[in-house]
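For reference, the structure is listed below as structure tokens.
The values are calculated or read from the model by the stated rules, or taken from the named source; none is laboratory data. A quick note: this is a predicted structure, and the numbers were derived from the prediction, not measured. Backbone-built Cβ (ideal geometry, glycine too); neighbour counts: all protein chains shown. Surface accessibility is based on the protein's heavy atoms, side chains included, excluding ligands, DNA and RNA. Shrake-Rupley method; radii C 1.70, N 1.55, O 1.52, S 1.80 Å.
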Amino acid sequence: MLKVGLTGGIGAGKSEVSRLLVECGAVLIDADRIAREVVAPGTPGLAAVVEAFGADVLAPDGGLDRPKLGSIVFADPAKLAALNAIVHPLVGARSRELEDTAAEDAVVVHDVPLLTENGLAPLYDLVVVVDAAPETQLDRLVRLRGMTAEDARARMAAQATREKRLEIADIVIDNDVPLEDLRRRVRDVWADLTRRAHPSREGSEHAQE
């Protein structure tokens, strides 16, 4: 099994890259999706969040009011750290459970938005960073996600810098390109990942030539 950490700044296009890798055959473990699951209604995770932040963070349907919680934690680093202390261990445990169900020869891609910020690179065999210029990120967040420029800049500023992400990268995927160019780059990366996952298979193929 090859364990790959996939990350990138908000608006860099990481989700598109993860989708393309799944098309190629990767097993995807999406930290954002798991983070939603572990605080779903009726979970111990949601109970812990309510205990820490109060019932005001609940929506009328009993689920988590994410915009309300976000407005609380993104304005206060201590509260953000408190939320992370609840959610991150739950996400890590569920991610390991899912990883254990993958085939022994699988390429398992962990899509982790805060991989750099949380110092998680050592958990993976290699790290793939989806990179885009800050101007590209800002344009996508405003044009495609409907954020104001101010909100988009604040979300970008709350993450690790571009330089910090690139420092931990074993492979960089440039996403300042048209979709077809991105597809080609992802296919090339997939070929590299499968070679790394199955080095003995590649050796046997050469031996037969």
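Side notes on the structure shown:
- Residue 152 vs. criteria touching a residue at least 12 places away in the same chain (Cβ under 8 Å) and farther than 13 Å from residue 8 by Cβ: yes
- Among the helices (runs of 4 or more DSSP H) confined to region 52-146, the ones with at least 2 residues that are open to solvent by 30 Å² or more (accessible area, probe 1.4 Å) and in contact with a Gly (Cβ under 9 Å, 6 or more places away or on another chain) are located at 77-100, 134-143.
- Residue 46 being crowded, with 18+ Cβ neighbours inside 10 Å, in a helix (DSSP H, G or I), of a type outside the set (Val, Ile, Thr) and modelled with pLDDT of 95 or more: yes
- When region 155-166 is limited to residues that are open to solvent by 60 Å² or more (accessible area, probe 1.4 Å) and in contact (Cβ under 8 Å) with a residue 40 or more places away in the chain, the one that is nearest to residue 8 (Cα to Cα) turns out to be 162.
- Meets criteria (buried (at least 18 other Cβ atoms within 10 Å of the Cβ) and within 17 Å of residue 8 (Cβ to Cβ)) for residue 172: no
- Residue that is farthest from residue 199 (Cα to Cα), among those in region 1-10 that are open to solvent by less than 10 Å² (accessible area, probe 1.4 Å) and of a type outside the set (A, V, I, L, M, F, W, C): 9
- Residues of region 177-186 satisfying the condition of being modelled with pLDDT of 95 or more and surrounded by 13 or more Cβ atoms within 10 Å (Cβ to Cβ): 182, 183, 185, 186
- Pairs linking a residue in region 48-67 that is in contact (Cβ under 8 Å) with a residue 12 or more places away in the chain to a residue that is part of a loop (DSSP other than H, G, I, E, B) and open to solvent by 60 Å² or more (accessible area, probe 1.4 Å), with Cβ atoms under 7 Å and 6 or more positions apart or on different chains, are 62/41; 63/41.
- Considering region 17-32, and only residues there that are in a helix (DSSP H, G or I) and either closer than 18 Å to residue 1 by Cβ or touching a helix residue (DSSP H, G or I) at 6+ places or on another chain (Cβ under 7 Å) (or both), the residue that is most open to solvent (accessible area, probe 1.4 Å) turns out to be 22.
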